[in-house]
Amino acid sequence: MPKKYKPILSVAAIKLRCNKSTPAKDGIICEWLDQHTKRSYQAKKSKSKGNALEYHIRDRLRELGYNCERSAGESKKLDNAKVDIIDLDGRLPISIQAKNYANTPNYFGIREDCPIKDKPFVLCWKKNTLTTNNTIFMVDEDFFYKLLDSYTKQNNI
């Protein structure tokens, strides 16, 4: 009976090393055998980051009392319309698209692709870095001034 050997690296460790440009401390260098596998792995990684951001936004909105869900699980039509978060009660006054990118997303292009024009369009961008406070919301100028006016009146400023 052949002797079983314990692998030096796990499959997960090999995948992680394939995506890094610098060799590990032990000197073992891993590369993807083909571009298709590399793109497939990177796409899965990007999708999971985007989903995590959508869940984060949904959870924060729920804390504020909105009955929100990710549109990917509720409405394919809304998800295709560049709306990632929906309010099941219809109280949320904005359309939200979430992006987890290293570079600034094209706000105007994404907004133009959204056919829903009855609510202000808001783009949530999480910059893909190691810092913790790296998420912003991009809004139109008119909506910004409405928010500022509402905040000022509410706080008697």
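Determine whether Glu74 is surrounded by 13 or more Cβ atoms within 10 Å (Cβ to Cβ) and either touching a residue at least 24 places away in the same chain (Cβ under 8 Å) or among the polar types (S, T, N, Q) (or both). Break it down stepwise before answering.
On the way: surrounded by 13 or more Cβ atoms within 10 Å (Cβ to Cβ): yes; either touching a residue at least 24 places away in the same chain (Cβ under 8 Å) or among the polar types (S, T, N, Q) (or both): no.
It is false that Glu74 is surrounded by 13 or more Cβ atoms within 10 Å (Cβ to Cβ) and either touching a residue at least 24 places away in the same chain (Cβ under 8 Å) or among the polar types (S, T, N, Q) (or both).
Across the range 83-126, the number of residues qualifying as among the aromatic types (Phe, Trp, Tyr), touching a helix residue (DSSP H, G or I) at 6+ places or on another chain (Cβ under 8 Å) and surrounded by fewer than 18 Cβ atoms within 10 Å (Cβ to Cβ) comes to 0. If you check Glu54, Glu63, Glu69 for being under 25 Å from Asn100 (Cβ atoms), out of contact with any Phe, Trp or Tyr (no Cβ under 6 Å at 6 or more places or on another chain), loosely packed, with under 11 Cβ neighbours inside 10 Å and modelled with pLDDT of 90 or more, only one passes: Glu63.
Under the condition of being surrounded by 12 or more Cβ atoms within 10 Å (Cβ to Cβ) and either farther than 16 Å from Ala98 by Cα or touching a helix residue (DSSP H, G or I) at 6+ places or on another chain (Cβ under 7 Å) (or both), the residues counted in the range 129-138 number 1.
The values are calculated or read from the model by the stated rules, or taken from the named source; none is laboratory data. What you see is a predicted model, and the numbers here were worked out from it, not measured in a lab. A quick note on method: Cβ atoms are made from the backbone with ideal geometry, for glycine too, and the neighbour counts reach across all protein chains shown.
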